[in-house]
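Colleague: The structure that follows is given in the form of structure tokens.
The values are calculated or read from the model by the stated rules, or taken from the named source; none is laboratory data. Everything quoted here is computed from the prediction, not taken from an experiment. Quick reminder, even Gly has a Cβ in these numbers, built from the backbone with ideal geometry, and neighbours come from all protein chains shown. Just the protein is used for accessible areas: all its heavy atoms, side chains included, with ligands, DNA and RNA removed. Shrake-Rupley method; radii C 1.70, N 1.55, O 1.52, S 1.80 Å.
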Amino acid sequence: MKQDSTRNAAYTVDCEDYVHVIKFNPFDSGDACSLIAYGGNNYVVVGTCRFQEEDAEMEGMQYKTLRTFHHGIRVDAIAWSPETRLDALPPRIRFCTAASDRKLRLFTSDLQDKNEYKTFDGHSDYINDLVFAPKEGQEVASVSDDHTCRVWDLEGNEKAHFVLRSPGMSVCWHPDEAFKLMVAGKNGTIRFYDLITQQAILSLECEQTPLMSADWCLKNTLKIGAVAGNDWLIWDITRSSYPQDKSPVHVDRARLFRWSRVNENLFATTGYPGKTTTQLLVHHLGHPQPILTGTAAVGSGLTWHRTLPLCAVGGDHKIFFWVTEM
């Protein structure tokens, strides 16, 4: 790996607005292209990407917008449904958003005439994260500054409600065990809930605050990662409720943590948006220093490609893509 790790984005896509949030579809949609959704001040754009790293016939990347969904309000979080299929007839696009009006919106589209959305009401404060049940996609979990985690069915009925001791910052669903949910609170506690008994079954402690973001490693579900204060932290949940590994990374506080979907030792963190530039750092657990440093003009959002060691960050009228080694 090259020691000179600072570099410009490998690819960029121009957007019509500031990109607040960005999300690759983590599920197989039955198409060679990857689906990506990004949210601006009042819309969500769904598009497809294809990269030369996965298709030798191509040069660079190809991006195509499939549809722009009017949202009417700033988009704060996006989650993809596993029911999204591009190989169905007609195709089916389904995703859920959280917005600054404290509501969730479930969008379903066939990319032609059928475009509908339902609104889920219940949170009394800002919603920080949301996720679909990964197997069937029949439920959505969300966490909020109102100190709750809520689980909804697709009609917007509340199926479960967990009271937290601080604002909920991140929520993840176990990829194989449909009844296990991870909820990370701003006070530095990460709890795991059993959706059948609706009880907490395990908790981890950061011992520092504020915890801003946490993620469950899908390549190795014993691993949890988070950022709190200026540091990244990593747990092996079989070993201890305290982190096994941590390192200071962002002098201006860390904002997001995301595991790669292709390598259990690869993850990315971002610094705080709102500075003139935001730092993206890609880390490998075998290396003491970040293996890639990228900067994006006031970037926000962070997402990994489903099958490539490639991550994307939103920014001012742009999406930035960085490719790293495995």
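Colleague: For region 144-195, what value does the Rg/Rh ratio take when both radii are computed over Cα atoms and Rh is the Kirkwood radius, given to two decimals?
Modeller: Here the Rg-to-Rh quotient is 0.96.
Colleague: Sticking with this one: Of all the C-alpha pairs in the chain, what % are more than 37 Å from each other?
Modeller: Values: 5118 of 52975 pairs.
Pairs farther apart than 37 Å: 10 percent.
Colleague: Here is a follow-up. Net charge near residue 111, counting Lys/Arg +1 and Asp/Glu -1 over other residues with Cβ under 10 Å of its Cβ? Let's see the in-between values first.
Modeller: Numbers: positive: 67, 92, 114; negative: 110, 113.
Taking every other residue near residue 111 into account, the sum is +1.
Colleague: Roughly how many percent of the accessible protein surface of region 180-276 is carbon and sulfur, given a 1.4 Å probe and a whole-percent answer? Could the numbers behind the result be given before it?
Modeller: Details: 1770 of 3960 Å².
C and S fraction of accessible area: 45 percent.
Colleague: Let me check the size of region 193-298 from its C-alpha atoms; what are the radius of gyration and Dmax in Å?
Modeller: Over region 193-298's Cα set, Rg and Dmax evaluate to 14.3, 47 Å.
Colleague: Here is a follow-up. Rounded to a whole number, what % of the accessible area of region 46-119 do carbon and sulfur atoms account for, probe 1.4 Å? Spell out each step's value before the answer.
Modeller: Details: 1440 of 3560 Å².
Of the solvent-accessible surface of region 46-119, carbon and sulfur hold 40 percent.
Colleague: Principal axis lengths of region 98-139 from Cα atoms, whole Å, largest first?
Modeller: Principal extents (Cα only, largest first): 34, 25, 14 Å.
Colleague: Also, I was wondering about something else. One quarter of the convex hull surface, Cα atoms only: what value does that give for region 239-326 in nm²?
Modeller: Result: a mean projected hull area of 6.1 nm².
Colleague: Can I ask one more? Return the inverse of the average 1/r over all pairs of distinct C-alpha atoms in region 95-172, which is the Kirkwood hydrodynamic radius, in Å to one decimal.
Modeller: Across region 95-172, the inverse of the average 1/r is 12.7 Å.
Colleague: Which whole-number value in Å² is the accessible area per residue of the chain, probe 1.4 Å?
Modeller: Per residue, the chain has an accessible area of 42 Å².
Colleague: Counting pairs of Cα atoms in region 56-198, how many percent are more than 24 Å apart?
Modeller: 34 percent
Colleague: Post the alpha-carbon centroid distance, region 43-76 to region 122-189, in whole angstrom.
Modeller: Using only Cα atoms to place each centre, the spacing works out to 27 Å.
Colleague: OK, next. D for region 1-97, whole µm²/s, Stokes-Einstein with Kirkwood Rh over alpha-carbon pairs at 37 °C and 0.692 mPa s: what number? Numbers along the way, then the final one.
Modeller: Numbers: Rh = 14.8 Å.
The calculation lands on 222 µm²/s.
Colleague: So, counting K/R as plus one and D/E as minus one, what does the shell of residues with Cβ under 9 Å around residue 285 add up to?
Modeller: Working: positive: none; negative: 245, 264.
That sum, taken over residues with Cβ under 9 Å, equals -2.
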